[in-house]
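Novice: Have a look at this one before I ask anything.
Values in this text are rule-based calculations from the coordinates and carry no lab data. Please read these numbers as outputs of a predicted model, since none were measured by experiment. Please note: Cβ atoms are built from the backbone with ideal geometry, for glycine as well, and neighbour counts cover all protein chains shown.
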Amino acid sequence: MISPPETVKDPTSAKVARWADVVHIVDTSILATAIAAQPDYLVAGNRHFLEDPDIARKSALHIVTPARLLQLLEKNNWPP
């Protein structure tokens, strides 16, 4: 089942800084926020997120392209 969108608080500076060795500095807040939100999928068009397997492994996020998310949704008969 698809959950409705939600908002999360901005991550602390410490939580953002933790990811500076994993992603480019401009992407650290995006990654820290995604981790805090604990989504089923992080949908990204940024190839750095998509091409570096360490990001997904270290963050425990499933990072997919918009096209891949649509494939997954269609596979699961969404929308109902």
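Novice: For helix 28-37, what angle does its Cα long axis make with the longest principal axis of the chain, in degrees from 0 to 90 and rounded to 10?
Specialist: It is inclined by approximately 50 degrees.
Novice: Given a 10 angstrom Cα cut-off, can you work out which residue in S59, S29, S13 is the most mobile in a GNM of the chain?
Specialist: S13
Novice: Given charges of +1 on the Cβ of Lys and Arg and -1 on the Cβ of Asp and Glu, with all other atoms neutral, how large is the dipole of the chain about its Cα centre, in debye to the nearest 20?
Specialist: In debye, rounded to 20, the chain gives about 100.
Novice: Give me the net charge for the shell around H24: Cβ to Cβ below 15 angstrom, other residues only, Lys and Arg +1, Asp and Glu -1.
Specialist: -2
Novice: On a 0 to 90° scale, report how tilted helix 66-75 is relative to the longest principal axis of the chain, with both axes built from alpha carbons and the result rounded to the nearest 10.
Specialist: That works out to roughly 40 degrees.
Novice: Can you pull the percent of Cα pairs in the chain with separation above 16 Å?
Specialist: 54 percent
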